[in-house]
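A short worksheet on the structure shown next.
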Amino acid sequence: MMSGGGDSTGRRILIINGNPARQRSSFSSALAQAYHDGAIEAGHMVHTVRLADLAFDPILHEGYQGNQPAEPDIAAVQAQITWAQHVVFIYPMWQFGIPALVKGFCERTFTPGFAYDVKAKNPMQAALLRGRSARLIQTMGMPQAFYEIIFRAHGGKAFRSLLSFCGFNPVRATYLGMVEQGQATRERHLARVRDLGGKVL
């Protein structure tokens with residue numbers, strides 16, 4: 001889904017909803033809509049992808065030594081990433097990390113030749129997706145401070161490292177805690193994410 005006409009100052013934004021739930025009533029979907037609405041109101045162009053709607057094998061069966069061509073849906077998202085100036089990932093934290101579907105998507109999408117150059121003499125210059133920024137929006141049941149202080153946000157840091165390696169800069173993260181504590185908490189999170197969309201942060 002692409003929305004918005006944009007203007008000379010607008011940015012091209014790709015929102016990736018990484019919640020594996022097929023129903024469209026998930027909190028991740030509501031957050032994606034909130035970011036979308038904030039960005040559109042600010043004059044940006046937005047394209048939204050739901051990973052649950054895509055048809056692809058999330059398993060890299062031969063590692064990076066094999067030849068596993070990208071399915072049409074993966075190739076289409078790679079084209080959308082190339083188009084985008086800012087990419088937003090929205091997903092729930094499961095077992096202290098990203099859902100398996102998001103991990104599989106990253107393994108199949110951020111591949112050598114598209115996201116980084118394995119033949120680069122300097123690993124620090126291997127990134128092929130420079131010129132783009134990224135935002136992670138991760139929901140969780142625990143308090144945000146608990147995740148960041150006690151667990152040092154290790155799952156989010158790993159995801160940010162991957163995107164940084166591919167050239168995204170800056171890569172920011174928003175951790176939304178206590179999402180199961182009631183509608184008032186969720187409404188605060190939705191307002192915050194809508195504001196992020198308006199500022200493209």
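The values are calculated or read from the model by the stated rules, or taken from the named source; none is laboratory data. A quick note: this is a predicted structure, and the numbers were derived from the prediction, not measured. Ideal geometry is used to build each Cβ from the backbone, glycine not excepted, and the neighbour counts take in all protein chains shown. Accessible surface is based on the protein model in full, side chains and every heavy atom, while ligands, DNA and RNA are left aside. Shrake-Rupley method; radii C 1.70, N 1.55, O 1.52, S 1.80 Å.
Data for the structure
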| item | result |
| --- | --- |
| Positive-end residue of Tyr147, Ala184, Pro123, charge dipole of the range 108-201 with Cβ unit charges | Pro123 |
| Most mobile of Gly97, Gly177, Gly63 in a GNM of the chain (Cα contacts under 10 Å) | Gly63 |
| Probe 1.4 Å - accessible area at Trp83, Å² to nearest ten | 60 Å² |
| Cα gyration tensor, the range 1-102 - rounded (a/c under 1.5), prolate or oblate | oblate |
| Ranking by accessible area, most exposed first, for Lys199, Lys103 with a 1.4 Å probe | Lys199, Lys103 |
| In Å², nearest 10: area of Ser133 left accessible to a 1.4 Å probe | 10 Å² |
| Sequence-separation-based contact order of the chain, relative, with Cα cut under 8 Å and 6+ spacing, percent | 26 percent |
| Among beta bridges that DSSP assigns inside the chain, antiparallel share in %, nearest 5 | 15 percent |
| Phe159, Phe151, reordered so the largest accessible area comes first (probe 1.4 Å) | Phe151, Phe159 |
| Mean-position separation - Cα centroids, the range 144-161 and the range 63-109, in angstrom | 20 Å |
| Relative contact order of the range 49-132, pairs being alpha-carbon contacts under 8 Å that are 6 or more residues apart, as % | 32 percent |
| The range 135-201, dipole about Cα centre (Lys/Arg Cβ +1, Asp/Glu Cβ -1), debye to the nearest 20 | 200 debye |
| Lys, Arg +1 and Asp, Glu -1 on Cβ, resulting dipole of the chain about Cα centre, debye, nearest 20 | 500 debye |
| GNM top mover of Val179, Val171, Val88 - the chain, alpha-carbon springs below 10 Å | Val179 |
| Choice from Ile13, Ile81, Ile59 showing the highest fluctuation, given a GNM over the chain with Cα pairs closer than 10 Å | Ile59 |
| Environment charge of Ala52, counting only residues whose C-beta is closer than 10 Å and scoring Lys/Arg +1, Asp/Glu -1 | +2 |
| Whether the range 47-138 is rounded, prolate or oblate, judged on the alpha carbon gyration tensor where a/c under 1.5 counts as rounded | rounded |
| Largest to smallest accessible area among Met45, Met93 [probe 1.4 Å] | Met45, Met93 |
| Estimated distance in nm for a label pair at Lys199 and Leu128, the labels positioned 7 Å out from Cα along Cα-to-Cβ | 3.4 nm |
| Environment charge at Gln68 (Cβ cut-off 9 Å; Lys +1, Arg +1, Asp -1, Glu -1) | -1 |
| Carbon/sulfur fraction of accessible area - the range 75-176, other protein chains in place, 1.4 Å, % | 58 percent |
